[in-house]
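Inspection log for the structure reproduced underneath, given as structure tokens.
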Amino acid sequence: MELAITLANNFLALLDAMAIYILVGLLIAGFLKQIVPDDFIIKHLGSGNISSVIKATIFGIPLPVCSCSVIPLAQSLRKEGASKGAVQSFLISSPITGVDSILATYSFFGLIFTIYRVISSIIIAIVVGIIQNIFDKDEEKEIKKEETSSCSCHCSCSSEKPAKKTFSIKEVFSYAYVTLFKDMVKPLFIGLIFATLFTSLAPKEYTSLLFENQFLTYLVIILFSMPLYICATASLPIAAALIIEGMSPGAAFILLSAGPATSLITMSVVYKSLGKTSLIIYLTMIAVLSLLFGYLFDTFFTNVNILNFSLEEERSSLLSQISSFIMLVLMSYYLIKPWLNRKKVDA
């Protein structure tokens with residue numbers, strides 16, 4: 001019974017630390033989705049030069065997509081003629097530095113770590129994209145669309161402009177708390193469960209031995225995080241739990257940097273869409289740069305107190321409690337609904 005209470009308290013403490021920031025971040029993402037034209041990104045990323053990589057990185061920062069919904073969007077960019085470097089930069093920057101992820105990062109790790117994560121992620125995205133385009137400079141850059149090839153010189157080939165998007169507050173909430181939240185709910189719940197179990201059950205004497213060797217910790221984290229699907233927001237409670245158990249903030253940065261951009265799903269998409277060489281460049285550069293920035297953080301920010309919360313802290317504001325309740329309701333609904341639907345089909 002005492003263990004169950006400890007698990008519940010730690011779960012709620014982790015949820016309480018991030019709930020309000022995720023809810024606000026998703027709402028901002030919903031507004032951005034309504035404001036930014038659907039074809040705005042695609043129009044700017046066709047060339048294989050440095051500017052397309054920088055644009056892809058910058059456009060990816062506030063764009064309201066999570067780690068899984070960015071994959072079909074990246075495929076769409078490629079089909080529309082975006083360079084390989086631009087697609088890779090977009091795949092890195094968008095899920096890691098989305099508005100919901102930035103606010104949730106601040107909720108756990110504070111301002112300095114959040115700024116460092118955003119800036120370093122931008123640098124990683126740009127460097128990876130530029131290196132990819134250097135390797136591709138001799139490739140044929142023109143990618144013709146299927147629709148164009150099917151048109152004769154006498155037809156207008158669907159020259160109509162897409163209908164202008166009208167602002168809808170209903171669509172803001174629908175995109176934020178249905179589309180986006182539904183995409184992240186499973187990995188977020190798994191991340192919270194894992195973090196709860198780790199902080200509640202992991203014996204500190206063993207975890208401290210694991211984290212004693214800084215560079216060994218880096219390698220273990222990079223090997224652990226790269227193949228797994230850990231979305232940018234769901235990985236935050238895991239990183240916080242590991243830091244509580246003694247892991248360095250730099251190692252946490254590696255988890256938060258490499259994990260969201262290099263799941264097996266993303267790897268397969270990069271391989272199929274961009275090729276084997278692109279996948280090797282993508283994985284190698286993310287791993288090397290994540291390790292480098294993780295080491296730099298541990299070297300220059302050793303005196304920074306990065307955790308904004310404590311599992312032992314009992315006081316919680318009414319707003320945080322309401323936010324946690326809303327998050328619990330949403331998570332319960334989206335996790336239970338598929339199971340109920342399957343039950344209905346079986347019946």
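The values are calculated or read from the model by the stated rules, or taken from the named source; none is laboratory data. Computed from a prediction, not measured in an experiment: that's the story for all the values here. When we count neighbours, we look across all protein chains shown, and the Cβ atoms used for this are built from the backbone with ideal geometry, even at glycine.
Residue-wise test of (1) modelled with pLDDT of 80 or more; (2) buried (at least 19 other Cβ atoms within 10 Å of the Cβ); (3) more than 30 Å from TYR271 (Cβ to Cβ).
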site: VAL288; (1), (2), (3): yes, no, no
site: LEU291; (1), (2), (3): yes, yes, no
site: TYR295; (1), (2), (3): yes, no, no
site: PHE300; (1), (2), (3): yes, no, yes
site: LEU319; (1), (2), (3): yes, no, yes
site: ILE322; (1), (2), (3): yes, no, yes
site: LEU335; (1), (2), (3): yes, no, yes
* Return only the number of the condition from (1) farther than 26 Å from LEU14 by Cα; (2) at pLDDT 70 or above that LYS137 does not satisfy. => (2)
* Asked: For the subset of segment 249-281 comprising residues that are at pLDDT 90 or above, out of contact with any Leu (no Cβ under 8 Å at 6 or more places or on another chain) and not aliphatic (A, V, I, L, M), which member is nearest to ALA125 (Cα to Cα)?
  -> PHE253
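Going by the conditions given, is SER257 in a helix (DSSP H, G or I), in contact (Cβ under 8 Å) with a residue 60 or more places away in the chain and closer than 17 Å to ILE130 by Cα? Write out each step before concluding.
Numbers: in a helix (DSSP H, G or I): yes; in contact (Cβ under 8 Å) with a residue 60 or more places away in the chain: yes; closer than 17 Å to ILE130 by Cα: no.
No.
Quick test for you: out of ILE124, ILE28, ILE102, pick the one residue that is among the aliphatic types (A, V, I, L, M), under 13 Å from the mean Cα position of the chain (by Cα), buried (at least 17 other Cβ atoms within 10 Å of the Cβ) and modelled with pLDDT of 70 or more.
Numbers: ILE124 fails: under 13 Å from the mean Cα position of the chain (by Cα); ILE28 fails: under 13 Å from the mean Cα position of the chain (by Cα).
The conditions single out ILE102.
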* Structure fact -> By residue number, the members of segment 195-214 that are surrounded by 11 or more Cβ atoms within 10 Å (Cβ to Cβ), within 18 Å of ILE254 (Cα to Cα) and at pLDDT 75 or above are ALA195, PHE211, ASN213, GLN214
